[in-house]
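Written out below as structure tokens is the structure these notes cover.
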Amino acid sequence: MARRPMMAANWKMNKTIREAQQYTAALLPRAADAEDVDVAVFVPFTCLHEVARMAEDTEVIAGAQNFFYEDSGAFTGEVSVPMLQDAGAQAGIVGHSERREVFGEDDDMVARKAARAVEAGLLPVICVGETKEERDAGNMWEKVSGQVRRVMEELGEGGDVVFAYEPIWAIGTGETATPEDAQDAIGRIRELLEEIRDEGFAEGVRILYGGSVKPDNVGEIMAQEDVDGALVGGASLEVESFMQLVEAATETVPSDG
Ligand code: PEP
């Protein structure tokens with residue numbers, strides 16, 4: 001089954017509203033040419049409403065980098081799914097390793113967030129991945145499969161999700177997993193999804209790779225059979241380098257004729 005690639009920018013804790021406006025204004029006309037690829041930008045809460053407003057009526061997906069699973073209440077500092085949707089978000093990252101490692105989010109919390117997003121119709125991009133120590137100890141699959149299983153348990157029969165395999169040792173380090181490592185992990189995640197749910201779900205779900213994706217390595221990563229796109233931090237902060245990644249993804253889509 002041909003899955004539609006997704007190239008997703010994760011700005012992390014970067015950009016003022018003014019900078020976000022400039023970026024979005026430059027991105028939109030160029031992204032409009034990438035008809036065969038979903039282009040998403042995951043922006044800080046402070047920029048979200050403005051980016052979503054500018055991207056309205058375009059194919060570019062405006063998303064948040066985090067949210068909480070309750071809708072309202074005494075949760076100081078948190079933002080809920082309905083709040084994100086009110087600001088115009090169509091998607092949200094869940095369980096980024098920086099949330100898990102720096103802010104102590106565990107598998108249960110990540111799973112509950114993913115389930116709340118699906119229930120509300122916000123597309124969750126669910127991040128999984130192992131640390132260097134876990135990989136070196138031969139525990140990559142134990143860690144990653146446990147993260148995926150917990151999310152799937154909470155989702156039940158629930159709908160549209162995207163997974164992102166992001167080995168923690170490759171995020172923001174310049175150290176990319178080899179294309180074979182990316183394919184190995186993502187292929188195994190797809191097999192696990194088939195085992196847990198069914199073949200139709202596993203073949204249809206998009207699984208991205210994330211970890212120091214750059215214009216010079218994106219081609220070989222995107223050439224892997226099970227890799228459906230990339231979640232990109234550093235190289236997404238400038239429109240020019242992000243669009244090079246989007247254009248590389250476009251080239252992997254077979255033409256109709
Ligand atoms: C990320 O933010 O999810 C990421 C993969 O960052 P980088 O591309 O900078 O490694």
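The numbers here are math on the coordinates, done by the rules we state, and not lab data. Because the structure is a prediction, the values reported are computed rather than measured. Using ideal geometry, Cβ is built from the backbone for each residue, glycine included, and neighbour counts are taken over all protein chains shown.
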Report summary line: For I126, other-chain or 5+-apart residues with amide H closer than 5 Å (H placed, Pro excluded) are V94, V162, F163, A164
Requested in this report: State whether segment 136-257 is rounded, prolate or oblate according to the following rule on the C-alpha gyration tensor (a ≥ b ≥ c being the square roots of its eigenvalues): a/c under 1.5 gives rounded; otherwise a/b larger than b/c gives prolate, and the remaining case gives oblate.
Outcome: oblate
Query - D108 paired with E78, simple spin-label distance in nm, labels 7 Å along Cα-to-beta-carbon - result: 1.3
Requested in this report: Take the chain, connect every pair of alpha-carbon atoms lying under 10 Å apart with a spring to form a Gaussian network, then pick out the residue of I221, I126, I17 with the largest mean-square fluctuation.
Outcome: I17
Query raised in the report: Which cross-chain or sequence-distant (5 or more) residues have an amide H under 5 Å from the amide H of G233, H modelled 1.01 Å from N in plane?
Result: N10, G211, S212, V213
Query raised in the report: So how far apart, in nm, are the two label points at V253 and R3 if each is 7 Å from Cα heading toward Cβ?
Result: 1.6
Query raised in the report: Between E19 and T58, what FRET efficiency follows from the Cβ-Cβ distance if R0 is 25 Å, with the result rounded to 0.05?
Result: 0.85
Query raised in the report: For the chain, modelled as a Gaussian network with Cα springs under 10 Å, which listed residue fluctuates most, V232, V110, V205?
Result: V205
Query - Residue-count net charge about V81 - beta-carbon cut-off 10 Å; Lys, Arg +1, Asp, Glu -1 - result: -2
**Report entry** ³J(HN,Hα), Karplus 6.51/-1.76/1.60, whole Hz, each residue of segment 15-26, x for Gly, Pro
**Finding:** 5, 7, 4, 4, 5, 5, 4, 5, 4, 5, 4, 6
Query raised in the report: For segment 206-257 and segment 7-73, what is the separation of their Cα centres, given in Å?
Result: 17
**Report entry** Chain lengthening between E195 and T46 when straightened (0.36 nm per residue, less Cα-Cα)
**Finding:** 49.6 nm
Query - Highest-MSF residue in the chain out of Q147, Q85, Q22 [GNM, Cα springs under 10 Å] - result: Q22
Report task. Considering Cα pairs under 8 angstrom that are at least six residues apart, work out the relative contact order of segment 12-100 and quote it in whole percent. Result -> 27
Query raised in the report: Once the Cβ-Cβ distance between R149 and S241 is put in as r, and R0 is 45 Å, what FRET efficiency do you end up with, to the nearest 0.05?
Result: 0.80
Query raised in the report: Shape of the chain from its Cα gyration tensor (a ≥ b ≥ c, root eigenvalues): rounded if a/c is under 1.5, otherwise prolate when a/b > b/c, or oblate?
Result: rounded
Report summary line: Percent relative contact order for the chain, counting Cα pairs under 8 Å at least six residues apart, stands at 21
